[in-house]
Amino acid sequence: DLLDPERLIQCPFVKHHRIRACRFPYHLVKCKESNPKMAKKLATCPFNARHLVPYCDLSDHIMKCNDKSFMEQDLVGGSCEPSQEQVKDGSTWQAPPCDEDWETEVLERSSSPFVWGLHNSGLN
């Protein structure tokens with residue numbers, strides 16, 4: 001199951017590393033730092049940063065990558081683009097009126113300042 005966070009994934013840097021899917025992104029960062037020579041040989045998929053493949057195989061991977069279809073669906077569906085009405089009219093959201101008046105609140109407070117550890121009644 002691709003959505004199972006406990007499934008084991010093989011590390012692209014060290015083949016005998018098997019990491020749980022939920023920890024895989026963290027492992028990639030650490031293992032990349034520990035294996036700089038191998039990291040230079042691998043390219044990151046533009047559709048999923050968890051996909052690290054040899055540079056020579058990158059174009060083939062891009063053509064076959066399962067995550068590519070998710071990106072294409074977003075682009076075709078236009079979910080990233082605002083509607084034409086939103087672009088033409090601009091934002092219709094307005095901030096609610098503010099009922100706060102900090103200056104009058106300061107004046108309404110007692111004249112004694114706040115001192116940590118002392119009660120206001122002890123200052124008068």
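The values are calculated or read from the model by the stated rules, or taken from the named source; none is laboratory data. Because the structure is a prediction, the values reported are computed rather than measured. Because the Cβ atoms are built from the backbone with ideal geometry, glycine has one as well, and the counts that use them run over all protein chains shown. Protein only, heavy atoms only, side chains kept; ligands, DNA and RNA dropped before computing areas. Shrake-Rupley method; radii C 1.70, N 1.55, O 1.52, S 1.80 Å.
If you scan segment 22-31, which residues turn out to be within 24 Å of K68 (Cα to Cα) and touching a residue at least 12 places away in the same chain (Cβ under 8 Å)?
From segment 22-31, those within 24 Å of K68 (Cα to Cα) are 22-29; that's our starting set.
Correct list: C22, F24, P25, H27, L28.
Output the helices (runs of 4 or more DSSP H) that fall wholly within segment 54-124 and possess 1 or more residues being modelled with pLDDT under 65, open to solvent by 100 Å² or more (accessible area, probe 1.4 Å) and out of contact with any Cys (no Cβ under 6 Å at 6 or more places or on another chain), or say none. Steps first, answer last, please.
On the way: elements: 58-64, 67-77, 84-89, 102-108.
The qualifying helices (runs of 4 or more DSSP H) are 67-77, 84-89.
Remark: pairs (first residue in segment 41-53, over 12 Å from F13 (Cβ atoms); second residue acidic (D, E) and surrounded by fewer than 16 Cβ atoms within 10 Å (Cβ to Cβ); Cβ separation under 7 Å; 6+ apart in sequence or on different chains) = F47/D67; N48/D67. What are the residues in segment 54-68 that are within 17 Å of F13 (Cα to Cα) and among the aliphatic types (A, V, I, L, M), if any? Of everything in segment 54-68, just one residue is within 17 Å of F13 (Cα to Cα) and among the aliphatic types (A, V, I, L, M), namely L58.
Residue pairs whose Cβ atoms lie under 6 Å apart, separated by 6 or more positions or on different chains, with the first residue in segment 1-21 and within 12 Å of L52 (Cβ to Cβ) and touching a residue at least 12 places away in the same chain (Cβ under 8 Å) and the second in a loop (DSSP other than H, G, I, E, B) and not hydrophobic (A, V, I, L, M, F, W, C), are C11/H17; F13/N35.
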